[in-house]
1. Excluding ligands and nucleic acids, what accessible area in Å² is computed for SER295 using a 1.4 Å probe, to the nearest 10?
2. Roughly to the nearest percent, how much of the accessible area of the range 159-290 is carbon and sulfur, given a 1.4 Å probe?
3. When only alpha-carbon atoms count, how far does the range 160-227 stretch along each of its three principal axes, as whole angstroms with the largest first?
4. What's the ranking of 461-467, 280-286 by average number of surrounding C-beta atoms within 10 Å, highest first?
5. By the gyration tensor of its Cα atoms, with a ≥ b ≥ c the square roots of the eigenvalues, what is the shape of the range 339-489: rounded for a/c under 1.5, prolate for a/b over b/c, or oblate?
6. How much accessible area per residue does the range 386-443 have, counting only protein heavy atoms and a probe of 1.4 Å, in square angstrom?
7. Applying a 10 Å radius around every beta-carbon, put 422-428, 267-273, 42-48 in order of their mean neighbour count, most first.
8. Please compare each pair in LYS157/LYS463; LYS13/LYS73; LYS74/LYS157 to a cut-off of 23 Å on the Cα-Cα distance and tell me which ones are over it.
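The values are calculated or read from the model by the stated rules, or taken from the named source; none is laboratory data. As the structure is a prediction and not an experimental result, all values here were calculated from the model. Using ideal geometry, Cβ is built from the backbone for each residue, glycine included, and neighbour counts are taken over all protein chains shown. SASA here: full protein model, heavy atoms, side chains in, ligands and nucleic acids out. Shrake-Rupley method; radii C 1.70, N 1.55, O 1.52, S 1.80 Å.
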Amino acid sequence: MAGPALGASYSKKIGFIYVFNLIVGVGALTLPKAFQKAGLILGVLTLAFNAFIAFICVTYVVEAMSYSNFLLKKQKEEEEDDNKINLDKEEEEEKTSLLENQLLLNPAPTISTPLVVNNENENKKKKKKKKKKKVDPEVVEYQADPFSILERTEIGKMTEQFLGIIGKILFYITLIIYLFGDLVIYAVSVPKSLRQVTGPVFGLTNEGTFYLYLGIFGLFVVPFCFFNFQKTKPLQYATLGTRNLALFLMIILSLVFIIQGNGSVKNLTLFDITQFTGLFGTSIYSFMCHHSLPSIVSPILNKRGITKMFAGDFLMVFTAYVLLCFVAVFAFGSQPRESCSQRIHAGPPCQIQSLLTLNFTTYDCPFIAYFLALFPVFTLTSNYPLIAITLRNNIMVLFERVKIIADWKFSPYIFSAVAAIPPILFGFVTQDLDFLVHATGGFAGLLIQFVFPTLLVLFARRKISKYFEAQEITVPNFPFSEKVNTILTKIYTNKVFVFLFHRPRIGKTHLSPFSHIIFAIVILLFSLFAFGFNAFSLIYCTILDKC
């Protein structure tokens, strides 16, 4: 959707906090295990590469937003021009009518008695026009910079603007799959953490306890998914504070554990390409923020230098991830016990778990052990309704053209149930958190983070260039035979070649530092390779179990 950036505006410093809070989520807790399996060298290289590509695609989203705003402003200008023409016509018709009435009253006017139009009405109109000529700050900013971002244009709106209705449908289907996977991960993570804190209850087995907590979790969160929530600054600050405190504690406690000589680095893996798929999917999931960027970027007061803000965010997140993974691997990577205790109490450490917070259930300080073990419970439980509401809204957008469904008064409740309940039911089918993160990040996450931003910026540049002077294509003098030169000229002037390799003359405001076509081509080719590799690994290794 598109809408003005209303509400509380904020500085780039606050925007920096919001972006950091958006990126660092449950993916950070699943990263160390995938990092350990793939090896230290492959882990660092994959994280660095994914962070860099994700950062490039963030700049693409911001650039596409500026072009989307430019188009919206142009549409407003055209509508205002049409309204002005209609208003002038009405005024002309009114004047003509007044003249005709005066001619009827004074059929033979002389030079000394000129025709007089109602001066009082004219003066009133002039006063009204003067009142209307108030300077709109948005107009001033637009006149100074036609590519300024004044309105919030979501990714779905931009796909419709630049990729057409097919692109819009494909994007929403991908986003729905991603959000659904997100909710399933939440639904599995919370009962797992609770079971690790309490152990088996009421004489149930571990699996039975998991199902019990999953049912309670569903009964608690599903009713909230039928309402409309809005994130506030206090919630953002509270979530950011607890999340950073949890990360800080895990890093510090792991370092202390290593310094005390309790770490284990036997059979340390450095590079295992067979584990690339799992690490790649998890790292994509860990750097995801692109689908929510418009809501964060639009309210920022001064957007000049916003690329530096994003660079700082990604550098800090990458550093925190690498540090967290390294200390986790050196502290718990080769511990003899495969799993930790099923309840909070002091005891021997275990190997890296699917959620790193579970490694601290045996810490000798019960308060810290409870805080870290319950950290995913509080954050993911509060986020589940928000993600479910987002999923519901996106499903409704997908069906907005189907009038029977869109106009039905019960459709919001049906869509809320469709968004909130199936992920809970899916949790009863599988508890494999690693598989869920890999599948969600490696497919839907790959498309949302890499493919759609790149396609958006490519098609947006071409669409915007139509509003500027046509760019003449100068064909170079090829030093070959006439026949070869003719072939090369046809290739050079071909529409596809022009689309890819001739940069349109457009404004430089919010232009990505990676605007050269080679970056976009590399990202798309890598995405194609990664998608195929992930599909092969999923079928051959996970489903057929032949790795």
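1. Taking all protein chains as shown, SER295 has close to 60 Å².
2. Heavy-atom surface of the range 159-290 belonging to carbon and sulfur, 1.4 Å probe: 69 percent.
3. The Cα atoms of the range 160-227 stretch 57, 23, 15 Å along the principal axes, largest first.
4. Packing order, densest peptide first, comes out as 280-286, 461-467.
5. Because a/c hits 1.5 or more and a/b fails to exceed b/c, the range 339-489 counts as oblate.
6. Numbers: 3010 Å² over 58 residues.
Value for the range 386-443: 52 Å² per residue.
7. Numbers: 422-428: 18.4, 267-273: 12.1, 42-48: 20.0.
So the order, starting with the most tightly packed, is 42-48, 422-428, 267-273.
8. From LYS157/LYS463; LYS13/LYS73; LYS74/LYS157, over 23 Å: LYS13/LYS73.
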